[in-house]
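Peer 1: Sharing a structure with you now.
The values are calculated or read from the model by the stated rules, or taken from the named source; none is laboratory data. All of these numbers come straight from a predicted model, not from anything done at the bench. Because the Cβ atoms are built from the backbone with ideal geometry, glycine has one as well, and the counts that use them run over all protein chains shown. Areas reflect the complete protein model, heavy atoms only, side chains present, ligands, DNA and RNA absent. Shrake-Rupley method; radii C 1.70, N 1.55, O 1.52, S 1.80 Å.
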Amino acid sequence: MKKSVLAIHDLSCHAASSLSVVLPLLIAAGVETSFLPSALLSSQSDGFDNLYVRDLSDECDEIMKRWMSYPLHFDCLYTGYLASGTQLELVQKARRSFIDGSALIVTDPVMGDEGRLYQNLDRSHIKLMKSLCRGASVITPNYTEALLLTGEEKDVKAEITLHEAQDLSFTLYREYGACAVITSLPLAGGCHANMACDGKEARAFSYEELMAHYPGCGDLFSSLLVSFLLSGESFFVSVRKSGEIASYAIKETLREGRERREGVSVSHAVRRMLEMRI
């Protein structure tokens, strides 16, 4: 039987991000996917100004009321960007209504990058994401978000040692009780890596650093990770394969000359996923 996912993410009407990345990847992986659009954005926020953002909490609440009469059940709850603090209750309601204790809960605590919060977000969002990460099975912060979650945001460095990266991942595990993958870590020596920690050990998965930083890459990685975990792969194997496919997609996006703010080209990841037949 196919696995099923409830994805709670925003919907950006232009440029690759959030649900426009999440949905094609999960569908290509053969995962039955339903979604709740937490917010409607005129475009993804990195590189575009004068954003229109509409909180869709009320609409999502009405959708869930209808779903309860079906009823629906999901093997995984996968959350990303939330528009406001009130949407924490939206996610909690989804957990109570459609998720049981055996479900995989993957939380991508979307709130910032490059040492700062995303536009339209303030520090209250950090508290929101901390609450969301508690009770998750797996969390996938980038380096900035990992520091925000651990209260160490003033310590953003151009590069960190492998030992520091391992310590940070273990701190996340102890704080939130979830396996953690810190993406896009700048390790000493010019190496970049995704650091994965399951509470027993922490492993670094290095990748080729390209002269490109496309929006949507975090959504790409986390969606791949969900797909592999639901297919039965182990945690560390899922992290490795997700990083490999994400790196391939970024490299191909750069090769085709895509404008940065348009985001990573999802089609390359989908093609590689189908080739691997996950």
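Peer 1: For a quick check of your reading: which helices (runs of 4 or more DSSP H) sit entirely within segment 187-278 and have at least 3 residues that are over 21 Å from Asp75 (Cα atoms)?
Peer 2: Numbers: elements: 217-230, 235-255, 266-276.
Passing ranges, in order: 235-255, 266-276.
Peer 1: With the structure loaded, tell me whether Phe170 is open to solvent by 10 Å² or more (accessible area, probe 1.4 Å) and either part of a loop (DSSP other than H, G, I, E, B) or at pLDDT 95 or above (or both) or whether it fails that test.
Peer 2: Answer is yes for this residue.
Peer 1: Now, a different point. Under the condition of being assigned to a helix (DSSP H, G or I) and open to solvent by 20 Å² or more (accessible area, probe 1.4 Å), which residue from segment 173-186 is farthest from Val110 (Cα to Cα)? So that I can check it myself, show each step before the final result.
Peer 2: Here is the first cut: in segment 173-186, the residues assigned to a helix (DSSP H, G or I) are 173-176.
Next, only the ones that are open to solvent by 20 Å² or more (accessible area, probe 1.4 Å) stay: 173-175.
Numbers: Tyr173: 18, Arg174: 20, Glu175: 18 Å.
Among residues in segment 173-186 that are assigned to a helix (DSSP H, G or I) and open to solvent by 20 Å² or more (accessible area, probe 1.4 Å), the one farthest from Val110 (Cα to Cα) is Arg174.
Peer 1: Suppose we keep only residues that are closer than 22 Å to Glu114 by Cβ and without any contact (Cβ under 8 Å) to a residue 60 or more places away in the chain within segment 210-242. Which one would you say is least open to solvent (accessible area, probe 1.4 Å)?
Peer 2: Ser242
Peer 1: Another question about this same structure. Looking only at segment 139-167, which residues are part of a loop (DSSP other than H, G, I, E, B) and aliphatic (A, V, I, L, M)?
Peer 2: Of segment 139-167, the ones part of a loop (DSSP other than H, G, I, E, B) are 140-141, 150-152, 156-159, 161.
Passing the criteria: Val156, Ala158.
Peer 1: Evaluate the following for Thr150: is it closer than 21 Å to Tyr81 by Cα and touching a Gly at 6+ places or on another chain (Cβ under 7 Å)?
Peer 2: Numbers: closer than 21 Å to Tyr81 by Cα: yes; touching a Gly at 6+ places or on another chain (Cβ under 7 Å): no.
Spelling it out, it is not the case that Thr150 is closer than 21 Å to Tyr81 by Cα and touching a Gly at 6+ places or on another chain (Cβ under 7 Å).
Peer 1: Could I ask something else about it? For segment 249-278, give me the residue count where each residue is open to solvent by less than 50 Å² (accessible area, probe 1.4 Å) and over 21 Å from Gln44 (Cα atoms).
Peer 2: First pass over segment 249-278, keeping only residues open to solvent by less than 50 Å² (accessible area, probe 1.4 Å): 249-250, 252-253, 262-266, 268-270, 273.
Now restrict to residues that are over 21 Å from Gln44 (Cα atoms): 273.
Adding up the residues that qualify gives 1.
Peer 1: Test of understanding: among Leu117, Leu132, Leu104, Leu149, which residue is buried (at least 16 other Cβ atoms within 10 Å of the Cβ), closer than 16 Å to Met195 by Cα and either more than 19 Å from the chain's Cα centre (by Cα) or not small (Gly, Ala, Ser) (or both)?
Peer 2: Values: Leu117 fails: closer than 16 Å to Met195 by Cα; Leu132 fails: closer than 16 Å to Met195 by Cα; Leu104 fails: closer than 16 Å to Met195 by Cα.
After ruling out the rest, the residue left standing is Leu149.
Peer 1: Could you name every one of the strands (runs of 3 or more DSSP E) located completely within segment 1-62 that has at least 2 residues being modelled with pLDDT of 95 or more? Before the answer, list the steps.
Peer 2: On the way: elements: 4-12, 32-41, 53-55.
Counting at least 2 such residues, we get 4-12, 32-41.
Peer 1: Separate question: Look at Ser45 and say whether it is within 28 Å of Val264 (Cα to Cα) and either in contact with a Phe, Trp or Tyr (Cβ under 6 Å, 6 or more places away or on another chain) or basic (Lys, Arg) (or both). Steps first, answer last, please.
Peer 2: Details: within 28 Å of Val264 (Cα to Cα): yes; either in contact with a Phe, Trp or Tyr (Cβ under 6 Å, 6 or more places away or on another chain) or basic (Lys, Arg) (or both): yes.
Against the criterion (within 28 Å of Val264 (Cα to Cα) and either in contact with a Phe, Trp or Tyr (Cβ under 6 Å, 6 or more places away or on another chain) or basic (Lys, Arg) (or both)), Ser45 qualifies.
Peer 1: Same structure again: Which of the residues that make up segment 89-138 are over 19 Å from Gly216 (Cα atoms) and in a loop (DSSP other than H, G, I, E, B)?
Peer 2: The answer is Ile99, Asp100, Gly101, Ser102, Ala103, Asp122, Arg123, Arg134, Gly135, Ala136, Ser137.
Peer 1: Let me ask something additional. Right, Arg255: under 30 Å from Asp49 (Cβ atoms) and out of contact with any helix residue (DSSP H, G or I) (no Cβ under 7 Å at 6 or more places or on another chain) or not?
Peer 2: Numbers: under 30 Å from Asp49 (Cβ atoms): yes; out of contact with any helix residue (DSSP H, G or I) (no Cβ under 7 Å at 6 or more places or on another chain): yes.
So Arg255 fits the description; yes.
Peer 1: If you don't mind, another one. Go through segment 63-88 and give me each residue that's assigned to a helix (DSSP H, G or I) and at pLDDT 90 or above.
Peer 2: Matches in segment 63-88: Ile63, Met64, Lys65, Arg66, Trp67.
Peer 1: Moving on to the next point. If we scan segment 10-17, do we find a residue that is crowded, with 20+ Cβ neighbours inside 10 Å and polar (S, T, N, Q)?
Peer 2: First, pick out the residues of segment 10-17 that are crowded, with 20+ Cβ neighbours inside 10 Å: 10-12, 15-17.
Imposing the further condition that a residue be polar (S, T, N, Q) reduces the set to 12, 17.
So far as segment 10-17 goes, yes, one or more of its residues are crowded, with 20+ Cβ neighbours inside 10 Å and polar (S, T, N, Q).
Peer 1: Pick out the one residue from Leu26, Leu72, Leu40 that is crowded, with 23+ Cβ neighbours inside 10 Å and within 28 Å of Met273 (Cβ to Cβ). Quick ask: steps written out before the conclusion?
Peer 2: Details: Leu72 fails: crowded, with 23+ Cβ neighbours inside 10 Å; Leu40 fails: crowded, with 23+ Cβ neighbours inside 10 Å.
The conditions single out Leu26.
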